[in-house]
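Notes to accompany the following structure.
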Amino acid sequence: NNTQFAFHELLSLCIVLLLLFMYTSGAISVFLLCAVLPGKLGIPAALVFFAHDPLLVFFCCGFAGISGSIVFTYLSSLIVKTVQAVRSKSQKGIYIRTYLRWVIKTKTRFGLLGLSLVNPLVLSIPLGTLIAKKFYKNNFKIITYMSVSVIAWTLVYFLVFKFTNHLLDTLLRT
């Protein structure tokens with residue numbers, strides 16, 4: 001318990017220091033985009049804003065994804081508990097929209113690992129953690145899988161962007 005508490009304090013301190021750095025450099029919006037929508041807006045915005053600096057892009061998107069995973073996992077816990085309390089009073093079933101059926105299929109076929117790999121690219125971190133929290137109760141496992149997934153997708157985005165940029169530069173020079 002004490003080591004877990006110390007880890008959370010250290011992580012909170014790192015996030016606060018990173019937020020102070022990003023606020024002073026004007027990149028708070030990039031950080032928030034990476035925390036909520038990393039695959040669709042956050043990582044591309046970080047690549048453009050930080051002028052292709054790999055270390056800044058990786059740290060910004062990594063810390064934002066991890067902090068977004070932590071915050072939205074605990075918020076999702078509250079939302080799931082509230083929905084279950086309201087639902088137990090009404091005793092009505094939940095209607096699953098057809099466009100979210102593939103999420104259930106992904107969860108059934110591949111588990112939390114598949115859901116976390118799809119999350120940053122297709123879904124958003126808040127929606128992905130809400131779905132993961134609905135099916136899985138272990139917060140540490142959800143946070144770990146989501147964080148590793150965001151870091152992996154950041155690395156993939158950066159490598160693809162760097163490769164295509166290098167390819168375009170060589171094609172334009174010839």
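The values are calculated or read from the model by the stated rules, or taken from the named source; none is laboratory data. Treat the numbers as computed from the prediction; the structure is a model and nothing was measured. Counting neighbours? That spans all protein chains shown, and the Cβs are built from the backbone with ideal geometry, glycine included. Remember, those area values only see protein heavy atoms, side chains included, never the ligands or the DNA or RNA. Shrake-Rupley method; radii C 1.70, N 1.55, O 1.52, S 1.80 Å.
Quick one: is Y136 open to solvent by 50 Å² or more (accessible area, probe 1.4 Å), in contact with a Leu (Cβ under 8 Å, 6 or more places away or on another chain) and under 16 Å from S67 (Cβ atoms)?
no
Give just the number: which of (1) at pLDDT 80 or above; (2) open to solvent by 60 Å² or more (accessible area, probe 1.4 Å) does L55 not satisfy?
(1)
Return yes when L41 is open to solvent by 80 Å² or more (accessible area, probe 1.4 Å), part of a helix (DSSP H, G or I), at pLDDT 75 or above and in contact with a Leu (Cβ under 6 Å, 6 or more places away or on another chain) and no when it is not.
yes
Scan region 102-113 and report the pairs whose first residue is over 12 Å from I131 (Cα atoms) and whose second residue is open to solvent by 20 Å² or more (accessible area, probe 1.4 Å) and part of a helix (DSSP H, G or I), with Cβ atoms within less than 7 Å and a gap of 6+ or a chain change.
L113/Y145
Scanning region 121-148 for residues that are among the small types (G, A, S) and free of Cβ contacts under 8 Å to residues at least 60 places away in the same chain, which turns out farthest from P54 (Cα to Cα)?
The qualifying residue farthest from P54 (Cα to Cα) is A132.
Out of R97, R109, report the one residue that is open to solvent by 90 Å² or more (accessible area, probe 1.4 Å) and modelled with pLDDT of 80 or more.
Being open to solvent by 90 Å² or more (accessible area, probe 1.4 Å) and modelled with pLDDT of 80 or more holds for just one of R97, R109, which is R109.
Against the conditions (1) at pLDDT 85 or above; (2) buried (at least 16 other Cβ atoms within 10 Å of the Cβ); (3) polar (S, T, N, Q), where does S124 fall short? Just the number, please.
Status for S124: all satisfied but (1).
I'd like to verify a number: residues in region 139-169 that are under 18 Å from A64 (Cα atoms), open to solvent by 10 Å² or more (accessible area, probe 1.4 Å) and aliphatic (A, V, I, L, M), how many?
The total comes to 6.
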